1. In region 193-243, how many are part of a loop (DSSP other than H, G, I, E, B) and of a type in the set (Asp, Glu)?
2. Mind checking which residues of region 370-405 are closer than 30 Å to Met416 by Cβ and of a type in the set (Lys, Arg)?
3. So, Ser39, is that one buried (at least 20 other Cβ atoms within 10 Å of the Cβ), modelled with pLDDT of 95 or more and more than 23 Å from the chain's Cα centre (by Cα) or not?
4. Of the residues Pro167, Pro175, which is of a type outside the set (Gly, Ala, Ser), in contact with a strand residue (DSSP E or B) (Cβ under 8 Å, 6 or more places away or on another chain), buried (at least 21 other Cβ atoms within 10 Å of the Cβ) and modelled with pLDDT of 95 or more?
5. If only one of Lys67, Lys103 is in the same structural domain as Val38 (by TED's automatic domain parsing) and not in a helix (DSSP H, G or I), which one is it?
6. Give me a count of the residues in region 415-454 that are touching a residue at least 60 places away in the same chain (Cβ under 8 Å) and either in a loop (DSSP other than H, G, I, E, B) or closer than 28 Å to Trp105 by Cα (or both).
7. Of the residues Val232, Val267, only one is at pLDDT 95 or above and among the hydrophobic types (A, V, I, L, M, F, W, C); which?
8. Of the numbered conditions (1) out of contact with any helix residue (DSSP H, G or I) (no Cβ under 9 Å at 6 or more places or on another chain); (2) closer than 30 Å to Met159 by Cα, Val221 satisfies every one except a single condition; which is it?
Amino acid sequence: MKRFIVTVFVLVLGCAPAFAGGGKQSQSGGVAGGKKTVSFYTWWADAERAMGEALVAEFEKANPNLKVEQNYVAYNDYHSKINTVMASGVPADVFQLNEFLIKEWGNKDVIQDQRPYYLAAGINPEEFSLSSGTFSTGQKLWAISYGVTTIALFYNRDMLKEAGITPPPEDVTKPWTWDQYVAAAKKLTKDANGRTPNDAGFNYDNLIQYGTVMPTSWIYVLPLLYTGNSSVANSAGTALEITSPAGIRIIQSIANLALVDKVAPTVAMTNTNAFSSLPTMLMNGQLGMFIGGTFQFPDFKNEGYDVGIAQIPSFSGRGDSMTLPGGFVLGKGAGNDAFSLAHFISNYNNWVTASKSSKVALTQLPDTRSTYTDPALNAAWIAQFDANLAKVAGDIIQKACRPSESINLKNFSEIMDQTIAPVLDKVWLGSETAQQALPPLNQVLQGKLQGVWD
């Protein structure tokens, strides 16, 4: 599973100039068993590692003269490992980077511009991938996404039907409003006596089912801000927007799910083991809805559960979600063989083939344009994936979302993870209101907003 906690990833930038101009040799070009080798580093584990191994097997089948040296490093150790490798004088050929680091490393000349390789191969990167899947600054292309996660609303169809709730619209550009979402959550929340927050005598301290949960992770907060014409920062990355009246209203509305509306568990409760798996709670009828990532869909598919999927609720009435793409980059000195591997991984249609041959479930959504536009490729993806999720999530990605701000906003980790998140925790806990907690951030972050990469 993709890790969504922002981690400060410090590169030994003093080594960066030595990489420029091919000053250091990459790991490619070696020979193993008579084949040229390409080094590959990732933090994928479990099912993702199985998919990685399946992709490499397909790549080596298509390129019998190449051997991929696979390095799967635990996420908690990955950053220090890559720093060590990149500073060793023999940088990695193809390696994974957090989406919020790709443009930074590119602009610091630590990784290669892949555009010349694509053009030499006769491929227009912007035609190959959706705009949400390209990591570029100016004319330089640092990576093309291998797949994307988007944020959606998952719901228990039976619980909505029993409560007399019409499901969210199928049109992802016209989702529920936030008020409709809260109204539905109130009907889905019940105490031990069957009372809802709409009924007299409702007992919030003795609930048997919750309407929803508070979406407090930044990967859920960001798209909800986007639906209300707000964001963390303005488009230039020079001033905060989360502290605007719209941002304050949205943050407080999220907190109110537990603090006022009484349709969600408190933060303290969600940190217990009882809430460790929201998909399980939804399937068991303990939870009516939740805003989550499409990476959670396999939990439902593995159980053969027909989960409802829709666009996230909107504060403006306009459909708007967010994509989180993942990327593999080329180390300095890596050549055509390394590019061949990076490009192979970035082509989602190869994931479909690898999934079919290895029986490993797909967890990513496509950023590759042909997966959506070519009828045969689209049918192959749906057959290997899921028709319902493919339709809804595919529509969100193509019609009603924007790339995560974490990709373009400079020093995103410092701004969000180190500064804003601890302030938001006070709002989620109810120790301060959003109106009290957020405005001081303008002073705290004054001078620390460094703009955007594009």
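1. 2
2. Result: Lys399, Arg402.
3. Answer is yes for this residue.
4. On inspection, the qualifying residue turns out to be Pro175.
5. Among Lys67, Lys103, only Lys67 is in the same structural domain as Val38 (by TED's automatic domain parsing) and not in a helix (DSSP H, G or I).
6. 19
7. Val232 is the lone residue from the list that is at pLDDT 95 or above and among the hydrophobic types (A, V, I, L, M, F, W, C).
8. It is condition (1) that Val221 fails.
The values are calculated or read from the model by the stated rules, or taken from the named source; none is laboratory data. It should be emphasised that the depicted structure is a prediction, and the values quoted were computed from it without experimental measurement. Neighbour counts run over all protein chains shown; Cβ positions are idealised from the backbone, glycine included.
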